[in-house]
Structure formats: C-alpha cells, structure tokens
Amino acid sequence: MGVLHNLISIQDLTREDIDMILDRATEMEEVAALRSKILDGKIMACLFFEPSTRTRLSFESAMLRLGGSVLGFADVGVSSAGGKGETLADTIRTVERYADVIVIRHPLDGSARVAAEFANCPVINAGSGAEEHPTQALLDLYSIRKMKGSIDGLHIALCGDLKYGRTVHSLAMALTEYNVEITLAAPEQLAMKPSIIAELKRAGLSVRVVNDLDGAIRQADVIYMTRIQRERFPDIREYDAVKGRFRLKYEDLELLKENAIILHPLPRVDELDPRIDTTPHAKYFDQVEAGVVTRMAILDLILS
Ligand code: NCD
C-alpha cells in the first residue's frame, strides 16, 4: 500500500502530508502530459450518489493517465442503492471486491467515513454532504501555490455559501496549517460554522467576518467564490431569500488588488459575471486543470 491509506477529511492530514501531496502533484504535471504506467493493473471504482462533472471526470482522467482503469455506474438511479434500496454498507462491501480504491460522493455528512469503515480497500472522499470535500481543498491549495508562488503570507477571502458549501469547509480547515489572513464573506444566513471559525482562530490566524462582498474583495490576494447550494436548503423559501445576493460583477474588478486571483470550485450559477472570464483575474478554469494532477498525486500516494 502507499504512503496514504484513506483520504476522508482534510483534518486527517498534517502540513507535511499536504506539502507532500502538492509536491507530488507538481511532479505529475509532466506525467499528465506524457502519460505513464505507474498504476498499470489498478482499478478505481467511482461511487457517485450525487451529480458531478469535474470531480468524477478529473479522477477518471487522473487514473487513466497513470495507466489504471476505472469503473462506476453512469447514474445512481441505475444502481441497486438508487433503484432497490441497498444500504451503503452493502454497496461498499460489494464494490471493494471489484476495485483497488473507491472514490465516493454521497449526500450525507459522514458517509465517506462510514464507507471507509466497511471497506478493506482505501476510500477517497469526493464530497460528503455539506461537510467536506478534501480533494477539492488540495487542488485549491495547489492552484494557489502555483499561481501566487506560495500560500503563506496571503490574504484569502472565502465568499458565498459558507454554511452549506463543503469545499470552503475543507479549504478553511486546510488553511489552519498555513500563515494566512482570512476574510469570511457570506449572507448572515449562510455564515461559516462557529466550530470552523474557532479552529481558524485557534491556529492563530487573523479572521474577519463580513456580510457583503465589497468588504471582502478589496484587500484579498485570492477571492474564492462559491455557489449558493440550493439543493441543501431544507426550505426552498430560505434559498429564495438569499439567491443572487453574492454576485461578483465585472464592474467590481476595479476594486481588486492588481494581482488578485479569482477561484471557484464550479459549477457557477450567477455569482460570477461571465465577462470576468477573459480577464487576468479569472483562474477558475486553470483551477479545473489542477484537479487532474492533484488527483494523480493522491491516487499514486495511495496505490503505489
Ligand atoms: C463542488 C461540490 O460538489 O461541492 N463542486 C466540485 O466538486 N467542484 C461545488 C458545488 O457543487 O458548488
């Protein structure tokens, strides 16, 4: 087995682990272009119980570029979990017999941890409810380090749905390992969990909480925008009350620091004006590309 076993929560990783993954991802830039046979004969199963474009396809692309193979159902509705009521435990106990690693995305908090308990093979969390999305946090860190030279010393603004957005939960927890200044910008109803704010403060970071976008973007080196997570609201009226509240407009760019970069895990709805896409601030499609090398590094460290 590899250096890592499971990847369930970003909190399971130390700064050294994170730096090791990012360094390996840098080495993977060349491997990604040339392809390799490092994981020849290995099989990755994708168990996606929620929609996905980037996470699933970049995991598959990563595995294929390393010479491995992939399997998974096209849609949860055609699996026994979706169509016949099979439990997560039984699905995992089955799939672990077909694959060397399981990549799981599931709507329930804690689901990846449960899957890891039932699996004898490694499990990678590709999004567990509103809770965590550790591989996204790693590719976000990789993008920041590559685009800004380093992570330490930066002012990072996390903006949008900080309550239900799992990417910002994992990213904020990862940033406790770095020396950064943080602004948390969200509508009051979608504020970051107090436990995560407490962790950021406990790590000695300077944390500012604001309820508007203007206040967040002026001093930031990295503006991390997120989608308001419509599907996670218990009551759609609560979503209607906040939708469209946090939109970065083209005109807002004049407020930004000259070298500020804008990231977004994607998909976007209306929070990023498409006219921003062609400006030097827009880095979200380069961030997508970072998903492949980061996931190549993770698969290699787990399976090699
Ligand atoms: C995110 C997710 O699934 O949490 N997407 C992704 O993996 N890049 C963000 C989102 O859905 O808004």
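Laboratory data are not the source of any read-out in this text; all were calculated from the coordinates shown. Just so you know, these numbers come straight off a predicted model, no measurement behind them. Quick reminder, even Gly has a Cβ in these numbers, built from the backbone with ideal geometry, and neighbours come from all protein chains shown.
A few remarks follow.
- Working from label points 7 Å from Cα in the Cα-to-Cβ sense, the Glu188 to Ala89 distance is 4.4 nm.
- Karplus-derived 3J(HN,Hα), 6.51/-1.76/1.60, for each residue of the range 255-264, Hz, glycine and proline x: 7, 7, 4, 4, 9, 5, 10, 10, 10, 7
- For the range 134-288, lysine pairs separated by 8 or more sequence positions, or belonging to different chains, with Cα-Cα distances below 20 Å total 12.
- Other-chain or far-sequence residues with amide H under 5 Å of Gly72's (modelled H): Cys46
- Positive-end extreme of charge dipole, the chain - chosen from Phe59, Phe246, Gly77 (charges on Cβ): Gly77
- Relative to the 2.2 N^0.38 Å rule of thumb, the chain has a C-alpha radius of gyration ratio of 0.98.
- Cleavage-rule hits (GluC sites (Glu not before Pro)) in the range 221-266: DSSP loop, at most 13 neighbouring Cβ within 10 angstrom: Glu258
- A cut-off under 12 angstrom between Cβ atoms defines the neighbours of His106, and their net charge, with Lys, Arg +1 and Asp, Glu -1, is -1.
- Dipole magnitude of the range 134-288, debye to nearest 20 (Cβ charges: Lys/Arg +1, Asp/Glu -1, about Cα centre): 320
- Shape of the range 165-244 from the C-alpha gyration tensor: prolate (a/c of 1.5 or more and a/b above b/c, with a ≥ b ≥ c the square roots of its eigenvalues).
- The calculated Kirkwood hydrodynamic radius for the range 86-202 is 15.5 Å, given to one decimal from all distinct C-alpha pairs.
- Cα gyration tensor shape for the range 1-105, rounded if a/c is under 1.5, else prolate or oblate: prolate
- Span-like helix ranges in the chain, DSSP H, alpha carbon extent 24 angstrom or more, Kyte mean at least 0.5: 284-303
- The range 17-104 - percent relative contact order, Cα under 8 Å, separation 6 or more: 36
- Cα centre as origin, Lys/Arg/Asp/Glu Cβ charges: the chain dipole, Debye: 280
- Think of the range 134-288 as a dipole: +1 on every Lys or Arg Cβ, -1 on every Asp or Glu Cβ, centred on the Cα centre; then among Val180, Thr167, Tyr284, Thr167 lies furthest on the positive end.
- Segment Glu289-Leu64, extension gain: residue separation times 0.36 nm, minus the distance between their alpha carbons: 79.5 nm
- Surrounding net charge for Ile228, when Lys and Arg each add one and Asp and Glu each subtract one, Cβ distance under 11 Å: +2
- Point-to-point label distance, Arg35-Gln219, nm (Cα→Cβ direction, 7 Å offset): 5.0
- The range 134-288 gives an Rg/Rh value of 0.93, both radii derived from C-alpha positions and Rh following Kirkwood.
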